[in-house]
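The values are calculated or read from the model by the stated rules, or taken from the named source; none is laboratory data. Note that this is a predicted model, so its numbers are computed, not measured. Positions of Cβ are backbone-derived with ideal geometry, glycine not excepted, and every protein chain shown enters the neighbour counts. We work out accessible area using only protein heavy atoms, side chains counted, and drop any ligands, DNA or RNA first. Shrake-Rupley method; radii C 1.70, N 1.55, O 1.52, S 1.80 Å.
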Amino acid sequence: MRHAVKNDPHSGSPIGAALRYPQIYAGTYPDGRIAAGQSGSNTEGAYLEGGEKKNTINYLTGKIALTYKPFSFLTIQGTVTPTMSFQKIKDMKKAVPYYDAFDTDQLIGYISGYETNTLTETRTENHSMEKSLTATFNKDFGVHAVNVLAGYEDYYYHYETMSVSSDKMTLPDYPYLDNANKNEVSPGGNAFENAYRSFFGRVMYNYDSRYFIQANIRGDGSSRFASSYRWGWFPSASLGWRLSKEKFMERLSPVLSNFMLRASYGSLGNERIGNYPYQASVNLENAIMFGAKGPEAATSAAQIRYAVENITWESTHTWDIGVDFALFNGRLDFTGDIYYKKTKDMLIATEIPKYTGYNAPEVNAGDMNTRGWEAKISWSDNIGKDWTYGVGFNISNSKSKMGNLDGKIQYSGDCIIRGGDEYMAFYGYRADGIYQTDEEVANSPKLVTSVGPGDIRYKDLSGIDGTPDGKIDKTNDREVLASSLPHYLFGGYINVGYKGLRLSAAFNGVGQQKVRMSEVMVRQQSFRAAPEIIMGKYWSLYNTPEQNQKAIYPRLNSATGNSNNYEMSDFWLMDGSYMRVKNINLSYTFPKKLVNRIRFDNLRVYFNVEDPFCFHHYPKGWDPEVNSSASNYIATTYTFGLNFSF
């Protein structure tokens, strides 16, 4: 059971605004009154006086299990797991007035977005029930060991929410709906449910802990699909051979502690695509209709989803070969795998003509092939009786390439999903530097006619007939630029200890990745602080020709900025690789003799630092592990602690 109450300012986090707004705009006056900010846009004022959002959650779950063993080798178990959650949100947004800097009684206006008092009350309830029944047979027959499992599981989930919002309320410090403005009330609500049912089985056999065989089968039925397409069956199997236990390997036993070869095949399904995609659902909305007495409120209804009845499970099939070995009495340990994944019947939102009035429906429309590998190695040892040390490192890489998509193309932001290309590849124009003169502009193909010196120039890659046609357009002159996904993911640790003193550190990172520099990183936007990274490095009429030749960024022009310069192109791709030191810990465990004198069983002090360093190529102030909206940061945390028991 859990009860939690969270109080937040209505305005949310001010970090993003703090990055963008220059310091010349006052958030508050010295006497504490709210200032105008930037022409009424004042995040600090909204944060301080804009109201409060109170979120209350009551969560209750439990598990009831009954186990019966009719024989020593047979176990039957049934479980029931109910879960209930109740959430209440009271969001009171207050009007925030701001006054003249010198005439404290002169009302100038209200902070943008905070002109009236608005109360929104939300109530959400969800509950689920999970039931399972399993039977397990486990018995050894000499050197033969057999384990058989058969089971059944089902799950049901129900969600329901309602909300009421009232605007232009009179009393901002009385956040209750009996204070609602009856002419400004907006109700809302929603509900859905889903369920699945599963049958599964597993057979495990090993001979003398040398040869291992495992086979599994799972059948899943999901309410997200129509009854004729509801079930998917997903088998898997694995083999293992521990060579280190073979007689012909005995001569290596002083060096080779463990050596095992593995091979496996597995399949699993995905049905996480929302609810009822096979049904032509209808949305109800409030609309203003012209009736006999003039305009009046009425309920309207419209189908917004194009139903696809034969939509079914997406399945992923994985083939894996692996090796495990340990040397020198386990001091050196290594695990390595190579694998191939094939995802079939991918659930992809497919574009349909806009005139149909429907959103893009999800269909089983594609295949994807993934090849990858991963490895982990570690060494641990001691020097004498007092010194210990250990190091470990892991690295993995994979590449996912789209297969047959039946000619369909899906665009997702700056990326494309298209047959033959890497999944979610960056897609855009090829930049050809920055225009320097009017003559260059006149003699070059252009994306828009308004470009001039200082704007980004793009390459004319192709035309209707497959050859450059002297113009730049989205259809023929965009191409795959680079992978958007991380490659060569790595991590590791190092530790060293002397008697009770221990020092350890852990790190992780990405060895190769391209990322797009977002506009908020590099674009000076109206009434906002110019990013430090572009200062003295952008093309300008006030620069000398030599300075403009060295310019890294285009001119600060709103018109061509919107239509040309900040279009997706390789001009804005940068190295996104990084390494972060995740943790450094220094601790000391006091000797037992000393601890026992003060009647303690154990005493340990420690100093810990989380996320102290990150080495990357991002602009100063940006973090490679958070999104480009600058709404949050990864903070360095210092902790001093004391552990003891008695």
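Please verify whether segment 525-543 includes one or more residues that are open to solvent by less than 50 Å² (accessible area, probe 1.4 Å) and either more than 30 Å from G452 (Cα to Cα) or of a type in the set (D, E) (or both).
Scanning segment 525-543 turns up no residue that is open to solvent by less than 50 Å² (accessible area, probe 1.4 Å) and either more than 30 Å from G452 (Cα to Cα) or of a type in the set (D, E) (or both).
Scan segment 605-635 residue by residue and report those that are open to solvent by 60 Å² or more (accessible area, probe 1.4 Å), modelled with pLDDT of 90 or more and not acidic (D, E).
Scanning segment 605-635 gives F607, F613, F615, H616, H617.
Looking only at residues in segment 590-604 that are surrounded by 15 or more Cβ atoms within 10 Å (Cβ to Cβ) and either part of a helix (DSSP H, G or I) or touching a helix residue (DSSP H, G or I) at 6+ places or on another chain (Cβ under 9 Å) (or both), which one is modelled with the highest pLDDT?
L603
Mind listing whichever residues of segment 108-140 are closer than 22 Å to R33 by Cβ, open to solvent by 30 Å² or more (accessible area, probe 1.4 Å) and part of a strand (DSSP E or B)?
Matches in segment 108-140: I108, Y110.
Please specify each residue of segment 552-586 satisfying the condition of being small (G, A, S), modelled with pLDDT of 95 or more and over 30 Å from I395 (Cβ atoms).
Answer for segment 552-586, where residues must be small (G, A, S), modelled with pLDDT of 95 or more and over 30 Å from I395 (Cβ atoms): just S569.
Being touching a residue at least 60 places away in the same chain (Cβ under 8 Å) and assigned to a loop (DSSP other than H, G, I, E, B) is the filter here, so list the residues in segment 13-22 that pass it.
Result: S13, Y21, P22.
Return the residues of segment 66-107 that are among the hydroxyl-bearing types (S, T, Y), touching a Lys or Arg at 6+ places or on another chain (Cβ under 8 Å) and part of a loop (DSSP other than H, G, I, E, B); say none if nothing qualifies.
Passing the criteria: only T104.
For segment 28-52, what are the residues that are in a strand (DSSP E or B) and either over 29 Å from the mean Cα position of the chain (by Cα) or buried (at least 18 other Cβ atoms within 10 Å of the Cβ) (or both)?
Looking only at segment 28-52, we keep the residues that are in a strand (DSSP E or B), and these are 28, 34, 38, 41, 51-52.
Within segment 28-52, T28, I34, Q38, S41, G51 qualify.
Being closer than 23 Å to E285 by Cα and either open to solvent by 70 Å² or more (accessible area, probe 1.4 Å) or small (G, A, S) (or both) is the requirement here; does G201 meet it?
Working: closer than 23 Å to E285 by Cα: no; either open to solvent by 70 Å² or more (accessible area, probe 1.4 Å) or small (G, A, S) (or both): yes.
Considered against the rule, which asks whether it is closer than 23 Å to E285 by Cα and either open to solvent by 70 Å² or more (accessible area, probe 1.4 Å) or small (G, A, S) (or both), G201 comes out as no.
Tell me, which residue of segment 155-181 that is assigned to a strand (DSSP E or B) and of a type in the set (G, A, S) is farthest from the chain's Cα centre (by Cα)?
Among residues in segment 155-181 that are assigned to a strand (DSSP E or B) and of a type in the set (G, A, S), the one farthest from the chain's Cα centre (by Cα) is S166.
Looking only at residues in segment 326-347 that are open to solvent by 30 Å² or more (accessible area, probe 1.4 Å) and polar (S, T, N, Q), which one is farthest from G240 (Cα to Cα)?
It comes out as N329.
Assess whether G372 counts as being of a type in the set (G, A, S), open to solvent by 70 Å² or more (accessible area, probe 1.4 Å) and more than 19 Å from A326 (Cα to Cα).
Taking the combined requirement at face value, the residue does not satisfy it.
Show the residue pairs meeting these rules: Cβ distance below 6 Å; 6+ apart or different chains; first residue within segment 157-177 and at negative phi; second residue part of a loop (DSSP other than H, G, I, E, B) and open to solvent by less than 30 Å² (accessible area, probe 1.4 Å).
What qualifies is S166/A180; M169/N117; P172/N117.
Would you please name the residue that is nearest to N364 (Cα to Cα), looking only at residues in segment 214-255 that are in a strand (DSSP E or B) and open to solvent by 70 Å² or more (accessible area, probe 1.4 Å)?
Only one residue tops the list, namely W231.
Do any residues in segment 432-446 that are closer than 18 Å to E546 by Cα have Cβ atoms under 8 Å from those of residues that are assigned to a helix (DSSP H, G or I) and open to solvent by 80 Å² or more (accessible area, probe 1.4 Å), where the two are at least six apart or on different chains, and which pairs are they?
Short answer, once both residue conditions are applied: Q436/P545; Q436/Q549.
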